[in-house]
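Written out below as structure tokens is the structure these notes cover.
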Amino acid sequence: GQVAFTRRLGDRTFFSPDLEIVRTRTLASPALYCVAFQVCLPATIDSLAQSQWRHTFRTTFPHDRTDNALDPTRGFRLNATTTWASRALGSDIEYLRFTADGTIVRRLRPGWVGAVIVRLGSFFSTVSLDPSRSFLPPEERFYAGGQNTVRGLSRNALGPGVYVTSRADSLGEPIPEEVEFVPVGGTAL
């Protein structure tokens, strides 16, 4: 569930706080837990696979100064989001996350438009990929690029990951056609 409010601060500039309540769990094969999340003990896998509440309070500040919101040819856009998940909100997962992105758009010549986009994000050391500490579930992690941002890469393939296979040849070597890249995400972008 989610409750959100939006306050208009100016022309295409807003401030939007929201509260989100989610019941979530991470389902994966034991092999994927072991390889992708470095969690190999059955008891630890069982604890991570349990359903958890994730309650977050988020604030978003979009600021758009482009000439056209849908098809810009000049101007800039800024967006900043802070997300807080805390036991004070009833959440089983705790973190503080900040993300920001900025885009500059310029007409290069008639019919040509160039854009530069910068994205930043951090969890400020409030979480870890280590399952013995404040473990960050995969759906909350940062994933960098691929498919829509870098030509030739599949979704989320630009960043840390592991190669997983379900089949091997008679010598125990993975069959190349059966190997799949699984992004593991991270705590900074």
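Tell me whether the stretch 143-160 contains one or more residues that are open to solvent by less than 90 Å² (accessible area, probe 1.4 Å), assigned to a loop (DSSP other than H, G, I, E, B) and farther than 20 Å from Ala188 by Cβ. Yes - at least one qualifying residue is present in the stretch 143-160.
Listed by first and then second residue, the pairs linking a residue in the stretch 94-119 that is aromatic (Phe, Trp, Tyr) to a residue that is in a strand (DSSP E or B), with Cβ atoms under 6 Å apart and 6 or more places separating them unless they lie on different chains, are Tyr95/Ala85; Phe98/Thr82; Phe98/Ser122. Only residues that are of a type in the set (Asp, Glu) and surrounded by 11 or more Cβ atoms within 10 Å (Cβ to Cβ) were counted in the stretch 164-179, giving 1. Of the strands (runs of 3 or more DSSP E) lying entirely inside the stretch 1-77, the ones with 3 or more residues being surrounded by fewer than 17 Cβ atoms within 10 Å (Cβ to Cβ), under 23 Å from the mean Cα position of the chain (by Cα) and of a type in the set (Phe, Trp, Tyr) are found at 52-66. Within the stretch 80-93, track down each residue that is more than 15 Å from the chain's Cα centre (by Cα) and surrounded by fewer than 16 Cβ atoms within 10 Å (Cβ to Cβ). Within the stretch 80-93, Ser86, Arg87, Ala88, Gly90, Asp92 qualify. Touching an Asp or Glu at 6+ places or on another chain (Cβ under 8 Å), basic (Lys, Arg) and at pLDDT 90 or above - does that describe any residue in the stretch 3-23? Yes: the stretch 3-23 contains one or more residues that are touching an Asp or Glu at 6+ places or on another chain (Cβ under 8 Å), basic (Lys, Arg) and at pLDDT 90 or above.
The values are calculated or read from the model by the stated rules, or taken from the named source; none is laboratory data. From a predicted model like this one, the values you see are computed outputs, not experimental measurements. As a convention, Cβ positions derive from the backbone with ideal geometry for all residues, glycine included, and neighbour counts pool all protein chains shown. When the accessible area is computed, the model is the full protein with side chains, heavy atoms only, and any ligands, DNA or RNA have been set aside. Shrake-Rupley method; radii C 1.70, N 1.55, O 1.52, S 1.80 Å.
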